[in-house]
């Protein structure tokens with residue numbers, strides 16, 4: 001490596017921080033436009049859904065174990081269990097299923 | 001006010017526990033990858049503290065190993081992490097406006113997929129101290145996991161790492177499903193998003209789109225269509 005690793009880290013940290021902080025600090029006023037407000041309201045649901053599925057199926061050693069964890073998480077979340085419980089249950093499900101699959 | 005900030009901070013810590021667990025597992029594998037290309041524990045840890053972005057760091061590690069230019073690395077990080085910009089826009093409307101701008105500079109540092117997820121799903125306006133609570137467990141766990149991954153990559157058994165790697169997804173599910181149960185539009189939106197996301201990962205041509213770009217494209221299109229078809233009433237947008 002003829003490049004400096006710390007300079008690399010500085011470059012990536014700067015770019016990433018600017019992406020994160022600019023909208024947050026530049027858009028301080030309340031947006032009145034109903035369509036934009038609705039769009040921003042829907043953003044997290046779409047983003048998190050797209051990121052979760054089907055990525056979760058490829059995250060573990062076994063796809064079926066991951067699918068089991070996914071279904072259990074949806075079920076528990078439906079019955080409003082806490083973030084922590086849902087998360088742990090999904091991990092436990094994968095751990096147990098992978099012993100058999 | 002001070003007690004409100006405190007209780008928000010504690011709530012944030014609680015939400016930070018599952019995030020920290022998931023981060024530990026993911027960053028552990030990140031550390032293993034870093035070690036493979038000759039990055040030291042100190043360098044990898046600094047990278048994780050200053051960036052806190054899984055996809056971005058994984059991509060950076062291979063790019064750095066290949067001796068990429070600084071400019072290429074900057075462009076790459078911009079593209080991979082662009083989704084944070086959408087999240088940042090969304091959060092800009094959610095933050096309690098009585099807090100001075102300095103809080104926005106600090107919170108900006110902590111916008112990861114997961115911290116954003118728990119922050120934006122708070123009832124009512126967002127108190128920055130909630131986000132600080134989540135950050136103060138999640139970011140050290142991310143850094144620690146990276147460091148330990150470099151130092152002792154082979155110690156944690158593979159099946160434990162595998163199981164822990166669904167922790168973050170479990171959290172996302174716990175964030176999106178309960179509101180979807182109460183609101184048919186959100187339920188439809190979650191289902192449509194997952195199906196389209198699945199199609200995008202299987203269909204020819206589109207499946208070559210990177211994960212980061214896919215998230216941005218699908219979010220803009222699907223949330224955009226939903227905003228036009230199902231505009232939300234004033235008061236509801238705060239309850240996200």
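Throughout, read-outs are computed from the coordinates displayed, never taken from laboratory work. Everything quoted here is computed from the prediction, not taken from an experiment. Ideal geometry is used to build each Cβ from the backbone, glycine not excepted, and the neighbour counts take in all protein chains shown.
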So what is the relative contact order for the stretch B:106-240, in percent, with contacts set as C-alpha pairs under 8 Å and at least six apart? 33
Could you sort A:68-78, B:137-147 so that the peptide with the highest average Cβ count within 10 Å comes first and the rest follow in order? B:137-147, A:68-78
When chain B is modelled as a GNM with alpha-carbon springs shorter than 10 Å, which of B:160, B:79, B:26 fluctuates the most? B:160
Determine the calculated [θ] at 222 nm for chain A from helices alone, applying -39500 (n - 2.57) to every DSSP H run no shorter than 4 residues and normalising by the residue count; nearest 500 deg cm²/dmol. -26500 deg cm²/dmol
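What average count of beta carbons from other chains do you get within 10 Å of the Cβ of residues in B:13-23? Could the numbers behind the result be given before it?
Numbers: counts 0, 3, 3, 2, 5, 9, 3, 0, 4, 3, 0.
Per residue, the number of nearby Cβ atoms from other chains is 3 on average.
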Can you put B:104, B:83 in order of Cβ neighbours within 10 angstrom, beginning with the fewest? B:104, B:83
Distance from the Cα centre of the stretch B:122-141 to that of the stretch A:44-101, in angstrom? 23
Specify the angular offset, from 0 to 90 degrees and rounded to the nearest 10, of the alpha carbon long axis of helix A:83-100 from the longest principal axis of the alpha carbons in chain A. 50
Tilt relative to chain A, helix A:63-78 - C-alpha long axis, 0 to 90 degrees, to 10: 80
Tell me what chain B gives for mean residue ellipticity at 222 nm when only DSSP H runs of n ≥ 4 count, each as -39,500 (n - 2.57), the sum divided by the residue total, rounded to 500 deg cm²/dmol. -25000 deg cm²/dmol
Tail weight of P(r) past 12 Å, computed on alpha-carbon pairs of the stretch A:37-79, percent: 65
With the Cα gyration tensor of the protein assembly as shown giving a ≥ b ≥ c as the square roots of its eigenvalues, does the rule (a/c under 1.5 for rounded; else a/b larger than b/c for prolate; else oblate) give rounded, prolate or oblate? rounded
Please determine, in degrees from 0 to 90 and to the nearest 10, the orientation of helix B:211-229 with respect to the longest principal axis defined by the Cα atoms of chain B, where the helix direction is its Cα long axis. 0
From other protein chains only, count the Cβ atoms within 10 Å of every residue's Cβ in B:182-192, then give the mean. 2
The stretch B:1-16 versus the stretch B:161-211: alpha-carbon centroid distance in Å: 29
How many partner chain Cβ atoms sit within 10 Å of a residue's Cβ in peptide B:142-148, on average, as a whole number? 0
Which of the peptides A:23-31, A:42-50, A:89-97 is most tightly packed, and how do the rest follow, going by the mean number of other Cβ atoms within 10 Å of each residue? A:42-50, A:89-97, A:23-31
